[in-house]
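The values are calculated or read from the model by the stated rules, or taken from the named source; none is laboratory data. On a predicted model such as this, the values are computed, not experimentally measured, just so you know. Cβ sites come from the backbone with ideal geometry, for glycine too, and all protein chains shown count toward neighbours. When the accessible area is computed, the model is the full protein with side chains, heavy atoms only, and any ligands, DNA or RNA have been set aside. Shrake-Rupley method; radii C 1.70, N 1.55, O 1.52, S 1.80 Å.
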Amino acid sequence: MRRTWNGLAPACALALGIAGCGLLAPVDPVPIPPARPDGATATEPSAKSASLARYYAQMQNDLVARGLLRTDGGGVDTPFGPDDLARNFEQIVFFDEYRAGAGISERSAGELGRLRRWAGPVRVSTEFGLSATQETRARDNQDVAAYVDRLARVTSHPISVQRTNPNFHVLFMSADDTELLKTRLRQIVPNIDANTLQIFDDLPRSIHCLVVAFSGRNAPQTYTQAIAVIRAEHSDIVRRACIHEEIAQGLGLANDSPEARPSIFNDDDEFALLTTHDELLLRMLYDPRMQPGMTADEARPITRIIAREVTGRVL
């Protein structure tokens, strides 16, 4: 359901749950201008945006009616053990969904990549488009803040909501905000490549939300900047699902796997929100024994040890 991309720029590659291409030199901090003055009246959505909102509301209702978009995090019906966790970790961390440099036009041939994650603090900010009401902004800010606190606890990594010098931007934008969105992308990443920018011109409606992560030239597996874009037309559950998946993928869980269960890193839409299984993946990713740039072969013995530790089955 959700389309999540993870790219590295300039000449960037995007992927569905992505890990991307080229490398990006760090950019100067960019202040966050509000999409509109605080307290200003939200603009009425266009016919296109209103139509998308109706479509996504019906889609959410249909998925929930089929027993999907679960928010319980998994239970007795979704057992998993350390071997499952280790296998899923490798699939989600070391594989990409799309070929580097090909945007969304070409699936990856299944090559193993290297472990990617943040080394420094992650400072998350939110921004909103022209149609966002004060109530919507307050709700989304609350959801992001609560989730960021959870991620910080799970990973033991410095992750926080910050308005000053953010490096992980969560943008809630509608179909009416295309030009505003592209302007912000250029401000945040001045040397963003044209292929990445072009994706935002007319997003297919199947793209519900996405994340693009950037690294430095001298450390291509260490993220220094990320931008998550969430469609403002989404209803409540899918909106929170996008928050959960895109921020987690922007931390380094870049791929999806049909074998991962209970997990949001699976395109079957069974789970909407981060599960216990997914929390353990994040704990493993940010364990000090794991390092950016590791190959799957280098990480595999450590992965198995940590998987047993976090599931309570220590060797």
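Residue 199 meets all of the listed conditions (1) buried (at least 17 other Cβ atoms within 10 Å of the Cβ); (2) at pLDDT 95 or above but one, namely (2). In the set 15, 100, 9, only one residue is at pLDDT below 95, closer than 20 Å to residue 244 by Cα and buried (at least 18 other Cβ atoms within 10 Å of the Cβ); that residue is 15.
Taken over the stretch 43-54, the criterion of being modelled with pLDDT under 95 and out of contact with any Asp or Glu (no Cβ under 9 Å at 6 or more places or on another chain) is satisfied by 44 alone.
The rows are residues; the columns are (1) in contact with a Pro (Cβ under 6 Å, 6 or more places away or on another chain); (2) at pLDDT below 95; (3) open to solvent by 30 Å² or more (accessible area, probe 1.4 Å).
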{"position": "41", "(1), (2), (3)": "no, yes, yes"}
{"position": "67", "(1), (2), (3)": "no, no, yes"}
{"position": "73", "(1), (2), (3)": "no, yes, no"}
{"position": "76", "(1), (2), (3)": "no, yes, yes"}
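Among the candidates 276, 311, 295, 303, single out the residue that is over 14 Å from the mean Cα position of the chain (by Cα), among the polar types (S, T, N, Q) and crowded, with 20+ Cβ neighbours inside 10 Å. Going through 276, 311, 295, 303 in turn, just one is over 14 Å from the mean Cα position of the chain (by Cα), among the polar types (S, T, N, Q) and crowded, with 20+ Cβ neighbours inside 10 Å: 303. Within the stretch 103-122, restricting attention to residues that are open to solvent by 60 Å² or more (accessible area, probe 1.4 Å) and in a strand (DSSP E or B), the residue that is modelled with the lowest pLDDT is 107.
Between 289, 261, 283, which is part of a helix (DSSP H, G or I) and surrounded by fewer than 24 Cβ atoms within 10 Å (Cβ to Cβ)? Walk me through how you get there before you give the answer.
Working: 289 fails: part of a helix (DSSP H, G or I); 261 fails: part of a helix (DSSP H, G or I).
Every option except 283 fails the conditions.
Taking residues in the stretch 150-162 that are free of Cβ contacts under 8 Å to residues at least 24 places away in the same chain, and partners anywhere that are part of a strand (DSSP E or B), the pairs with Cβ atoms closer than 8 Å and at least 6 places apart or on different chains are 152/159; 152/160. Of all residues in the stretch 228-244, those that are within 23 Å of residue 123 (Cβ to Cβ) have Cβ atoms under 6 Å from Cβ atoms of residues that are acidic (Asp, Glu) and modelled with pLDDT of 95 or more, 6 or more apart or on another chain, in 228/246; 240/143; 243/143. Candidates are the residues of the stretch 80-97 that are assigned to a loop (DSSP other than H, G, I, E, B) and modelled with pLDDT of 95 or more; the one that is least open to solvent (accessible area, probe 1.4 Å) is 81. Being touching a helix residue (DSSP H, G or I) at 6+ places or on another chain (Cβ under 6 Å) and touching a residue at least 12 places away in the same chain (Cβ under 8 Å) is a description that does not apply to residue 81. Exactly one residue among 230, 243, 237 is open to solvent by 20 Å² or more (accessible area, probe 1.4 Å), hydrophobic (A, V, I, L, M, F, W, C), under 23 Å from residue 135 (Cα atoms) and modelled with pLDDT of 95 or more, and that residue is 237.
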